[in-house]
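The values are calculated or read from the model by the stated rules, or taken from the named source; none is laboratory data. Predicted, not measured: the structure shown is a model, and the values here were computed from it. Backbone-built Cβ (ideal geometry, glycine too); neighbour counts: all protein chains shown. The protein model used for the area step is the full one, side chains on, heavy atoms only, and it has no ligands, DNA or RNA in it. Shrake-Rupley method; radii C 1.70, N 1.55, O 1.52, S 1.80 Å.
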Amino acid sequence: MIQIINLSFAYSDDFSLFHQLHVNLARARYGLVGPNAAGKSTLLALIAGRLAPHAGSIFNETPDLQYLPQLDVVADAAHEEGLRVLQVGRAIQATEASVADWSFMEERWALYASMEQRLQEWGLADLDISQNGPWSGGTWQRLRLALTLAHEDAFLLLDEPSNHLDRESRLILMEALQKHRGGCLVASHDRELLNTMDQTLALEDGKIQVHGGPYDFYKAAYDQQQAAFHAAWAQTQQELDRARKEAQRVREKQAKKSAKGHRDREKGGMPRILLGARRMKAELTTAKLQSRHEEKIGDLESRLQEKAGKLIHSTELHLDVKAVRRPGDRPILSLQKVQHRWSEADLWGEPLYLQLGAGEHLAIVGANGSGKSTLLQIIMGRIEPASGQVERRFREAFLLDQDLSLLPRHQSLLEIWQDPLHVRDEGLRRTIAARLGLKAREAGTPLEQLSGGQRLRAALVLLATREVPPDLILLDEPSNHLDLNALDCLVTTLRALPSSLIVVTHDFRFLEDLSVHQRFELVRAR
């Protein structure tokens with residue numbers, strides 16, 4: 001259906017994403033994985049025709065191609081047209097249409113019927129689409145997906161489709177893609193969604209590899225490959241160490257032999273011309289041996305560097321941090337009869353009662369619009385509840401909301417590190433930053449100029465380099481902007497810290513990795 005041949009694309013002379021990329025896409029479900037900035041979104045935009053390749057060709061034989069960019073990308077004409085189909089179709093049914101409306105809908109009635117069906121499936125049948133919003137992120141994402149999936153025979157290009165979706169909506173998405181008959185290419189960090197795909201495309205270092213199975217199949221093959229790379233690297237390192245020791249041994253042996261020969265010749269009164277000939281022969285022999293060893297060492301160093309480039313080093317962190325303050329047996333956070341009001345009505349069906357002990361981990365779950373982010377703001381003291389009491393017995397809380405609003409975006413990581421809250425050991429700070437995947441250049445860049453994933457990595461680095469970690473860490477949908485390796489970094493960072501943790505997420509696999517089993521569910525008032 002779609003052939004990509006010798007595809008090359010670069011944003012600048014210094015920043016090339018792809019070079020002679022090859023891949024064929026049939027009518028099947030493909031998961032697209034790769035680290036942040038590998039070019040997944042760019043590849044989808046190229047296939048959709050939103051960007052032009054610098055070289056190579058993309059042959060699209062599918063009769064319908066539907067592209068759903070990430071939600072924070074400006075709404076595209078395709079979805080504006082989809083909204084118009086709904087609006088005009090409903091206007092005609094309400095006998096409020098013009099001749100132009102009838103003409104517009106002439107060949108779109110089947111699509112309109114499919115859209116209404118999808119809206120019903122996504123719980124949006126009663127959504128007022130007459131004004132084009134404004135809607136919450138979760139509602140807008142569900143609407144965009146419903147409009148896209150209404151094209152039943154289309155090949156779908158979906159960029160992080162599960163972002164902003166609650167648990168129920170994620171299950172609807174997975175079921176809808178299983179039933180979709182047109183095929184799809186899904187760029188995602190959602191492992192549960194990726195495990196419903198037929199094949200996995202791994203994009204890294206400008207190359208793409210096709211794996212004949214879902215994400216767990218790919219991950220098992222990837223881990224096996226990395227284990228082989230590490231074994232080969234370790235073996236080459238051992239050979240290099242032996243070669244260096246052998247070269248040193250030969251040099252010392254030749255030096256001793258040369259010194260002994262010189263002493264013997266002086267004692268024996270050997271003629272000067274014969275002494276010179278023997279000395280020259282010894283020097284040539286030594287030089288030949290040294291050259292041979294240096295050549296072997298150089299070859300091993302080259303092989304070692306080549307193997308090192310294939311390794312993805314472990315993200316395990318071993319942080320030497322001081323323990324958080326323990327406030328005895330009393331909880332560090334207590335909510336009693338807490339209620340908030342929204343548009344003159346109670347937000348939650350029942351007042352909230354919650355206690356969190358020192359070092360405990362808690363997940364806050366609930367449907368979109370159930371007030372999860374609002375509750376975090378109440379815990380932080382940035383919003384006062386309409387009623388009830390909040391007792392905070394923590395010294396400091398660290399909130400990573402979806403917008404990372406507490407980060408000083410005009411400053412770089414290097415500038416923020418000057419605050420005495422952070423460890424003074426520059427080597428340790430840089431080691432942690434590198435382990436969490438933040439490059440030296442990014443550490444010196446103002447946070448506002450970094451991508452969402454890079455900013456979240458920077459926030460993790462700031463958290464991991466605190467002299468004393470905060471008593472409480474609050475995370476609001478932390479997995480939305482992180483690639484799969486970065487998610488591993490987040491998990492290992494949080495595991496290494498002794499802080500209490502409250503996390504809002506719809507990614508249940510992430511909660512399993514964190515071993516967060518205590519869940520507090522919010523239910524919005526009806």
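Taking every protein chain into account, the accessible area of the range 151-263 amounts to 49 square angstrom per residue (probe 1.4 Å). Counting only DSSP beta bridges with both residues in the range 400-526, the antiparallel share comes to about 25 percent.
Distant-in-sequence amide contacts of D471, defined by a placed amide H-H separation under 5 Å and a gap of 5 or more residues or a different chain, comprise R395, E396.
Reported to the nearest whole Å, the Cα centre-to-centre distance from the range 339-398 to the range 176-223 is 37. Classify the range 179-257 as rounded, prolate or oblate, taking a ≥ b ≥ c as the square roots of the eigenvalues of its Cα gyration tensor: rounded when a/c is under 1.5, otherwise prolate if a/b is larger than b/c and oblate if not. Prolate. For A363, the amide hydrogen comes within under 5 Å of the amide hydrogens of V503, Q518, R519, F520, counting only partners 5 or more places away or on other chains and with H modelled in the peptide plane.
Projecting the Cα atoms of Q87, M115, G138 onto the charge dipole of the range 82-141, computed from C-beta unit charges around the Cα centre, puts G138 farthest toward the positive end.
Per-residue 3J(HN,Hα) values for the range 135-150, derived from phi via the Karplus relation 6.51 cos²θ - 1.76 cosθ + 1.60 with θ = phi - 60°, read 10, 5, x, x, 5, 5, 5, 4, 5, 4, 5, 4, 5, 6, 5, 5 Hz in sequence order (x marks Gly and Pro). Across the alpha-carbon atoms of the range 119-244, the computed radius of gyration and Dmax are 20.8, 76 angstrom. Taking each of K40/K207; K337/K372; K219/K372; K40/K179 in turn, the alpha-carbon distance tops 21 angstrom for K219/K372; K40/K179. For the range 452-467, putting each phi into the Karplus relation 6.51 cos²θ - 1.76 cosθ + 1.60 with θ = phi - 60° gives couplings of x, x, 5, 5, 5, 4, 4, 4, 5, 4, 4, 5, 6, 9, 5, 4 Hz, in residue order, rounded to whole numbers and with x for Gly and Pro. Ligands, DNA and RNA are left out, and with a 1.4 angstrom probe the accessible area of the range 341-442 is 53 Å² per residue. Of the accessible area of the range 1-146, computed with a 1.4 Å probe over protein heavy atoms only, carbon and sulfur atoms account for 49 percent.
Of the trypsin sites (Lys or Arg not before Pro) found in the range 157-226, the ones in coil according to DSSP and having at most 14 other Cβ atoms within 10 Å of their Cβ are R181. Site pair L414 and D216 shows an inter-label distance of 4.5 nm when each label is modelled 7 Å from Cα along Cα→Cβ.
Please get the size of the charge dipole for the range 342-413, origin at its Cα centre, with Cβ charges of +1 on Lys and Arg and -1 on Asp and Glu, quoted in debye to the nearest 20. Dipole magnitude for the range 342-413 comes out near 300 debye. Computed from phi, the 3J(HN,Hα) profile of the range 511-526 under the Karplus parametrisation 6.51, -1.76, 1.60 (θ = phi - 60°) reads 5, 5, 5, 7, 6, 9, 9, 8, 10, 10, 9, 9, 10, 6, 5, 8 Hz, with x in place of Gly and Pro.
Computed over protein heavy atoms with a 1.4 Å probe, the accessible surface of the range 1-138 works out to 54 Å² per residue.
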